[in-house]
Amino acid sequence: LEKWCRTHFNQYVKFFFVPFVVLVVCVPLTYLVIGPIATIITDALSLLFNSLYNIPVVGGAVGGAVLTAIWQPMVVFGFHWSVIALMLMNIGSQGYDVIMAPYMVCSFAQVFAVLAILLKTKDTKLKELGWPAFITGFFFGITEPCLYGVTLPRKKPFWISCIASVPGGLFIGLMGTRMFEFTGGAFCALPGFVDPSGAMGASGVIYVLIGIAISSVISFVATYATYKDEPVPAGQAA
């Protein structure tokens, strides 16, 4: 809507009228249409993951594979919060959660796709954007800079990271890995997989690290093998 308004409004009035029209249209639309639809989708996702993880024997593997396959697209639309809410409820009621445990691999698959691009690209501007995004994602688990700044605009690396997340997520789910606390992203999240009772020790951390390694290697290799810098349009060469 904002893009349309900027195109059709006179340059002398767009500074005021573009944000005004966007707010007047989108605020009621959010409350009356987008909000209710998002709530229905969120409830459906919660029901889906609860059902998948309750499948006997293979539920963890299936749930982990599905969660990690669609985690990044859910992040794009904000629907990942439905799983986070479900995870918090599970930790509050039973002391641990298995549904969201595989999510860790998605962040690292995204980050290592970016690393592959950075090692292969000759685009200076992309490197200036990509290295801070890589550092932020690798150490803090904040992948939005990687997602919106690097992989999603180029499409193929984004989908490679989603596909690469599946084997790691399947492994973590298959091992019945439990998350006992939600302590953040990337390496900050690892203490949350340590059983505070001592019964399971740090086995959850080991399973998560193995899953991360699987997805990271696949994402890096596949992205490095397929990535090519986009050709510079005629007249725009440096």
Taking only Cα atoms of the range 63-165, radius of gyration then Dmax in Å: 14.6, 51
Output for the chain (equivalent-ellipsoid semi-axes, sqrt of 5λ from the C-alpha gyration tensor, Å, descending) is 35, 26, 15
Protein accessible area in the chain, 1.4 Å probe - carbon and sulfur %: 72 percent
Highest GNM mean-square fluctuation among Pro191, Pro132, Pro157, for the chain with Cα springs under 10 Å, belongs to Pro132
Shape box of the range 112-156 [Cα atoms, principal axes, largest first, Å]: 26, 18, 15
Could you tell me the convex hull volume per residue, in Å³, taken over the Cα atoms of the range 136-238? 99 Å³
Per residue, what accessible area does the chain have, given a 1.4 Å probe and all protein chains present, in Å²? 54 Å²
Cα principal axis extents for the range 21-85, largest first, Å: 53, 18, 14
Heavy-atom accessible area order for Ser51, Ser197, Ser219, largest first, 1.4 Å probe: Ser197, Ser51, Ser219
Excluding ligands and nucleic acids, what accessible area in Å² is computed for Thr226 using a 1.4 Å probe, to the nearest 10? 60 Å²
Rounded to one decimal in Å, the inverse mean reciprocal Cα-Cα distance for the range 162-216, i.e. its Kirkwood radius, is 11.3 Å
Cα-only radius of gyration and Dmax that characterise the range 1-141, units Å: 20.5, 65
Suppose accessible area is computed on protein heavy atoms with a 1.4 Å probe; arrange Tyr207, Tyr31, Tyr148 from highest to lowest. Tyr31, Tyr148, Tyr207
Between Cys188, Cys106, Cys162, where does the largest GNM mean-square fluctuation fall for the chain, given springs only between Cα atoms within less than 10 Å? Cys188
In whole angstrom, note down how far apart the Cα centers of the range 97-131 and the range 1-55 are. 27 Å
Which order do you get for Lys3, Lys14, Lys156 if you rank them by accessible area with a 1.4 Å probe, largest at the top? Lys3, Lys156, Lys14
Choice from Gly59, Gly201, Gly149 showing the highest fluctuation, given a GNM over the chain with Cα pairs closer than 10 Å: Gly201
To check my understanding: the extent here is largest minus smallest coordinate of the Cα atoms along each principal axis. What are those three numbers for the range 76-119, in Å, largest first? 45, 21, 10
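The values are calculated or read from the model by the stated rules, or taken from the named source; none is laboratory data. Here the structure is a predicted model, which is why all the values come from computation and not from measurement. Just so you know, the surface numbers come from the protein's heavy atoms only, side chains and all, with ligands and any DNA or RNA stripped out. Shrake-Rupley method; radii C 1.70, N 1.55, O 1.52, S 1.80 Å.
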